[in-house]
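Rule-based calculations on the coordinates, nothing more; no lab input. Just so you know, these numbers come straight off a predicted model, no measurement behind them. Cβ atoms come from the backbone with ideal geometry, glycine included; neighbour counts cover every protein chain shown.
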Amino acid sequence: MIRFVLRRLGWAAVVIWFIVTATFAMLAAIPADPARVLLGPAADAASVARARAHYCLDEGVLVQYGCWLDRVARGDLGESYHSKRPVAQILAARAWPTIQLTLAAIVLQLLAGVPLGVLAAARRGRWPARAAEFVELIAQSAPSFVVGTVLLYVVAYRWDLLPIGGYGEGGWDRLRHLALPAATLATLGVAYYARAVRVELEDVLGSDYIRTARAKGLPERAVIVRHGLRSALGPLVTLIGLDLGVLLGGAFVVEQIYAWPGMGREVLQAIARLDLPVILGAVLLSAVAIAIANLLADLAQVWLDPRLRD
């Protein structure tokens, strides 16, 4: 087990190093002078020279790369061209709203997707299974911007049940503001979670140990939950790991629709302003989040199924 964990940690470190190096390569490929862009066209030559020296831009590529690794290790991702604030500070302020939205969406995906998958597998060939598969198809086919717009118009505007957008003041008000963005973001995930559970259960429910459990007189619910559903945990953990990484990188469309102050909305604004340090900082942070989430998913799968350790 320790050897497996160390091997996975080593691979995660290699992936993160590659991501950091690729980000540096993109920065180095930009034809403009970063120091001049950062300080503006009115900056004097002495100020530009000091900025270039601070970021090692007056040195060779290898020295610049070493300075870049050192800054990233210290959490220094440069400064925004637009606001002149540190990129790490900007992204840190937007990270917590995105984390809240991500966790809420994953919880909704589990609460809706798992029961749908179980229903479709347990009632295979009957109308409840067909209804569950129809819901899966609709959820998988509906783009986030369509779902978000419809929910915004119907639930928030026409029915006035939830706020139209914003972050809220905390507590219950925050949960009310979070409900629609999380539901919109969870729509596609519900379809994938339901399908993963359904496929795994359909394969397992005809197994010998399931027939043995039924022969012992166990209720069908206990057979499915206690024996069958356990086989779906591995694919679910994989999907959760992928969702954690991708959603933590910023749910661009959903955050923009609901004016949710997360990293996705910040990146869209940075793209409109051509604020390259913020864009690349968000790309770097998103890629690292995906690498770490996949590492945690791998470790969780091994904990659930020790046979994968070999």
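Each Lys or Arg adds one and each Asp or Glu subtracts one; over the other residues with Cβ under 13 Å from the Cβ of residue 188, this totals -1.
Sorting 194-202, 130-138 by average packing, meaning the other beta carbons within 10 Å per residue, from highest down gives 194-202, 130-138. For region 33-83 and region 131-194, write down the distance between their C-alpha centroids in whole Å. Answer, in whole Å: 42. A Gaussian network model of the chain, with springs between Cα atoms under 10 Å, assigns the largest mean-square fluctuation among 57, 108, 239 to 57. With contributions of -39500 (n - 2.57) from each DSSP H run of at least four residues, the per-residue ellipticity at 222 nm computed over the chain stands at -23500 deg cm²/dmol.
Computed from Cα atoms, the angle from the helix 263-273 axis to the main principal axis of the chain rounds to 40 degrees. Placing +1 on the Cβ of every Lys and Arg and -1 on the Cβ of every Asp and Glu, with no other charges, gives region 154-217 a dipole of roughly 220 debye about its Cα centre. Computed about the Cα centre, the dipole magnitude for region 90-309 is approximately 740 debye when only Lys and Arg (+1) and Asp and Glu (-1) carry charge, each at its Cβ. Largest mean-square fluctuation among 78, 241, 171, in a Gaussian network model of the chain whose springs join Cα atoms under 10 Å apart, belongs to 171. Of the residues 78, 90, 120, the one whose Cα sits farthest towards the positive end of the charge dipole of region 55-129 is 120 (charges of +1 on Lys and Arg Cβ, -1 on Asp and Glu Cβ, taken about the Cα centre). Between the listed residues 189, 14, 168, the Cα displaced farthest toward the positive end of the dipole of the chain, a dipole computed from Cβ unit charges relative to the Cα centre, is found at 189. For the chain, the longest principal axis of the C-alpha atoms and the axis of helix 2-29 are separated by about 40°.
Note on region 120-175: the alpha carbon radius of gyration divided by the globular reference 2.2 N^0.38 Å gives 1.61. Applying Stokes-Einstein at 4 °C and 1.567 mPa s to the Kirkwood radius of region 103-259, computed over alpha-carbon pairs, gives a translational diffusion coefficient of 76 µm² s⁻¹. Charge tally around residue 77: other residues with Cβ under 15 Å, Lys/Arg +1 each, Asp/Glu -1 each, net 0.
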